[in-house]
């Protein structure tokens, strides 16, 4: 499918209505996958488990893609921030969603659009997750590679920097980093997120 790559350059308020289409298992899923494969530096990877895909459109043209999936297992900075035990994490990890890909298409040059879309997404995603999977989500998370990005749009959308990964895979034979070290960012969807995710256990925040 041919994509119009004519630059989109305007103030945010002049861009017009922005619509969020959940495209998993729809005719537009192939377009979504191809956009990530071609324009995201990590390419496209088929998610496993619960996941949703959103295509953001302005004036009938795609401007952004969001891929959301199941949250990783043990993740030190996030686990300390939430304050949950290993048992609580095992019970409630499905109540988190992981932003595995966020792509603002390279010909879209609209100031403040990236953080605006993140804020809109945080409102839309819980509703769609509940509709598709029949359960709520209370917390969002993502990784940012600090050698490539500053995560400015996430910070502007009030995401919280939780810390950094150790760069050690869960099957590693030693504590020596074998993977890129990433910043971990999180976004609580409700002020009561800790109570919802810990079953009211005393918070282990540190």
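Nothing in this text is a laboratory measurement; each read-out follows from the coordinates by a stated rule. Note that the coordinates shown come from a computational prediction; the quantities given were computed from them, not determined experimentally. Note that each Cβ is placed from the backbone with ideal geometry, even for glycine, and that neighbours are counted across all protein chains shown.
Could we say that residue 25 is within 19 Å of residue 149 (Cα to Cα) and out of contact with any strand residue (DSSP E or B) (no Cβ under 6 Å at 6 or more places or on another chain) here?
Here the answer is no, as residue 25 does not meet what is asked.
Among the numbered criteria (1) over 21 Å from residue 165 (Cβ atoms); (2) under 17 Å from the mean Cα position of the chain (by Cα); (3) exposed (fewer than 13 other Cβ atoms within 10 Å of the Cβ), which single criterion is violated by residue 2?
Going through (1) over 21 Å from residue 165 (Cβ atoms); (2) under 17 Å from the mean Cα position of the chain (by Cα); (3) exposed (fewer than 13 other Cβ atoms within 10 Å of the Cβ) one by one, residue 2 breaks only (2).
Within region 57-94, how many residues turn out to be buried (at least 18 other Cβ atoms within 10 Å of the Cβ), touching a strand residue (DSSP E or B) at 6+ places or on another chain (Cβ under 7 Å) and more than 22 Å from residue 159 (Cβ to Cβ)?
2
Does residue 93 satisfy the condition of being free of Cβ contacts under 8 Å to residues at least 24 places away in the same chain and under 30 Å from residue 198 (Cα atoms)?
Criteria met by residue 93.
Considering only residues that are in contact with a strand residue (DSSP E or B) (Cβ under 7 Å, 6 or more places away or on another chain), assigned to a loop (DSSP other than H, G, I, E, B) and farther than 12 Å from residue 58 by Cβ, which ones fall in region 5-15?
Residues of region 5-15 in contact with a strand residue (DSSP E or B) (Cβ under 7 Å, 6 or more places away or on another chain): 7-9, 15.
From what's left, assigned to a loop (DSSP other than H, G, I, E, B): 7, 15.
Correct list: 7 only.
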